[in-house]
Amino acid sequence: MIKIKFLIALISLCVGVVSQEQSATKFNLLETTIAEIHEAYKSHRLTAHQLVEYYLKRIEAYDQSTRLNTITEINKNALKTADELDEEFKKTGKLRPLHGVPILVKDNFNTKDMQTAGGSLALKGTIPPDDAFQIKRLREAGAIIIAKTNMAEWAFSNVVTVSSLAGITRNPYDLTRVPAGSSGGTAAGVSANFALLGMGTDTGNSIRGPASHNGLVGIRSTMGLTSRDGIIPLYLRNDIGGPLARTVEDAVRVLEVIAGYDPADPITKMSEGNIPVNYTQFLEKDGLKGARLAVFRRYVDTETIDPQIKEITLRAIEELKKLGAEIIDPFDIPNYDELIKNTWCEVFQYDLNNYLATRGNTVPYKTLKEIYDSGLYLPYIKEDMERELKFDTLPEDRNPPCLDLYHSPTNIAFREAVLKEMDKYKIDAIIYPTWSNQPRKVGDIESPDGDNSQFLSPQTGMPAITIPSGYTKENLPVGLTFFGRPFAEPQLIKYVYSYEQATKYRKPPANFPELK
């Protein structure tokens with residue numbers, strides 16, 4: 001009798017294992033979401049180990065063979081971390097907010113177990129002593145970093161993702177085109193379903209542009225809502241780290257984890273009192289009802305706008321009306337061209353040198369000048385580096401001084417002008433096409449780039465979210481930006497979620513189908 005019971009138990013165990021393997025195979029992982037995989041974890045149809053394996057297989061099958069080229073390094077600890085999370089769930093029956101969620105991380109976020117090089121051969125193979133604040137938060141929430149991604153070298157380009165470390169990243173919808181920059185590696189990888197979501201950084205465009213070019217949601221949050229500690233800077237005064245995801249809900253779940261005060265980044269003190277209990281409560285399907293949205297016509301009526309993108313944007317405006325939004329059109333900021341003059345400050349050398357000092361002996365070069373002298377960079381950023389090397393005085397000692405967004409008179413004046421005009425017309429958010437032109441062909445540096453992201457959000461510190469608004473006849477994604485008041489993420493989330501749920505424009509690139 002004992003032997004029979006033992007055999008029955010053994011057979012049941014084997015059947016359970018086979019059943020679990022089969023269910024993971026049957027569970028449709030292409031375009032899956034955090035909520036869906038958490039339901040699959042709870043119903044024992046999927047494990048974190050199986051999910052990580054799935055994404056690693058997709059990376060192996062597609063990334064290099066297609067020349068998409070998004071990945072700079074695979075995390076050798078990813079499966080081990082997945083096993084630990086699976087065991088934790090088995091013991092506790094509880095899932096952390098991002099439990100078992102595989103993510104891609106741009107190569108300028110410090111990761112204590114992986115190379116962080118900023119796309120530069122000068123820092124190849126160097127590993128930071130600790131995680132960036134946002135990465136630490138993500139890991140604590142249960143996220144699994146499965147890979148680091150390619151970026152524009154030192155984040156210098158908004159239009160291409162090319163580095164001396166890993167070469168060129170392409171657009172998954174058309175491999176002859178670019179994914180924008182500088183977070184193009186993360187965006188292309190997430191769009192091709194190499195992970196559930198990813199992390200990018202945005203100085204003037206670099207979350208929202210790649211999101212638009214790759215059919216994704218991208219959030220640039222209010223300056224001070226999230227920490228910049230442990231991120232290789234471009235211009236720290238403008239830098240923001242944030243999510244790139246296939247759905248609004250997934251992006252919001254990440255924002256919920258990374259938002260908050262960090263003593264290592266004093267500007268995040270401003271977040272205190274400005275963060276709701278959670279952001280997911282604002283995922284409302286009827287969130288556009290009564291919203292007053294202004295159409296920023298100077299980005300819609302430009303001479304160089306692609307006619308298809310203009311048509312898609314105008315259609316989006318009509319869709320917003322049907323969803324209950326009040327549209328103020330046209331809308332502009334008086335003296336806009338004068339207000340945006342001299343809003344950018346060249347602080348890369350100062351910020352980079354400070355960052356390199358935090359890396360101690362983990363990096364072979366301690367200053368931008370040493371990196372420049374090493375010759376370990378691509379020719380396309382040589383002029384950028386030379387320009388930055390000319391600014392050798394402290395930012396605050398310049399004439400005029402280069403201060404952060406909340407103390408610079410130029411940026412204050414611009415922000416106040418924007419808010420004054422929004423108040424005048426009782427506007428909740430401003431909308432415009434994220435880019436006015438389709439992704440350029442690889443190697444094209446002459447045609448208009450169409451980047452509309454460089455001023456409104458980066459130079460005011462106010463938040464912006466881009467979401468898919470359609471596709472051109474070439475099957476290339478188009479993005480629509482919602483730009484709001486300081487710390488108005490809850491309102492923007494309502495608007496973009498409502499629009500997304502009503503339109504469902506996101507679709508995966510045909511070049512990267514489900515694995516057989």
Summing -39500 (n - 2.57) over the DSSP H runs of n ≥ 4 in the chain and dividing by its residue number, what mean residue ellipticity at 222 nm do you reach, to the nearest 500 deg cm²/dmol?
-10500 deg cm²/dmol
Least to most buried among Arg170, Arg237, Arg208, Arg398 (fewest other Cβ within 10 Å first):
Arg398, Arg170, Arg237, Arg208
Nothing charged except the Cβ atoms of Lys and Arg (+1) and of Asp and Glu (-1): what's the magnitude of the dipole of the chain about its Cα centre? Round to the nearest 20 debye.
1560 debye
How large are Rg and Dmax for segment 250-372 when calculated on the C-alpha trace, in angstrom?
21.7, 58
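Under a Cβ-Cβ cut-off of 15 Å, what is the net charge of the residues other than Gly443 that fall near it, where Lys and Arg count +1 and Asp and Glu count -1?
Working: positive: Arg67, Arg170, Arg177, Arg440, Lys441; negative: Asp174, Asp444, Glu446, Asp449.
Result for the neighbourhood of Gly443: +1.
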Which residue, chosen from Ile74, Phe133, Thr111, occupies the Cα position most advanced towards the positive end of the dipole of segment 59-133, where the dipole is computed from +1 (Lys, Arg) and -1 (Asp, Glu) charges on Cβ about the Cα centre?
Phe133
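Under a Cβ-Cβ cut-off of 9 Å, what is the net charge of the residues other than Arg506 that fall near it, where Lys and Arg count +1 and Asp and Glu count -1? Each step should come with its number before you reach the end.
Working: positive: Arg246, Lys504, Lys507; negative: Glu31, Glu500.
That works out to +1.
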Burial ordering of Ser120, Ser374, Ser65, fewest other beta-carbon atoms within 10 Å first:
Ser65, Ser374, Ser120
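Would you order Val159, Val105, Val478 from fewest to most other beta-carbon atoms within 10 Å of each residue's own beta-carbon? Could the numbers behind the result be given before it?
Working: Val159 23, Val105 30, Val478 26.
Least crowded to most crowded, the residues run Val159, Val478, Val105.
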Note down the magnitude of the dipole of segment 279-357 about its Cα centre, charges +1 on Lys and Arg C-beta and -1 on Asp and Glu C-beta and zero elsewhere, to the nearest 20 debye.
340 debye
Taking the Cβ of Leu165 as the centre, find all other residues whose Cβ is under 11 Å away and add up their charges (Lys, Arg: +1; Asp, Glu: -1).
-1
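Taking all pairs of distinct Cα atoms, average 1/r, flip it, and tell me the Kirkwood hydrodynamic radius of segment 42-99 in Å to one decimal place.
Numbers: mean 1/r = 0.0780 Å⁻¹.
Hydrodynamic radius (Kirkwood, Cα pairs) of segment 42-99 is 12.8 Å.
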Rank-order 192-203, 336-347 by packing density, defined as the average count of other C-beta atoms within 10 Å over each peptide's residues, highest first.
192-203, 336-347
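Distances over 15 Å make up what percent of all Cα-Cα pairs in segment 389-436? Before the final figure, lay out each step's value.
Details: 702 of 1128 pairs.
The share of Cα pairs beyond 15 Å in segment 389-436 comes to 62 percent.
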Out of Met462, His213, Val159, whose Cα points farthest toward the positive end of the dipole of segment 31-503 (charges: +1 Lys, Arg; -1 Asp, Glu; placed on Cβ)?
His213
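Only the coordinates and a few stated rules stand behind these numbers; no lab work does. Owing to the predicted nature of the structure, the values given are computational and were not obtained by experimental measurement. Positions of Cβ are generated from backbone atoms using ideal geometry, with glycine treated the same way; all protein chains shown enter the neighbour counts.
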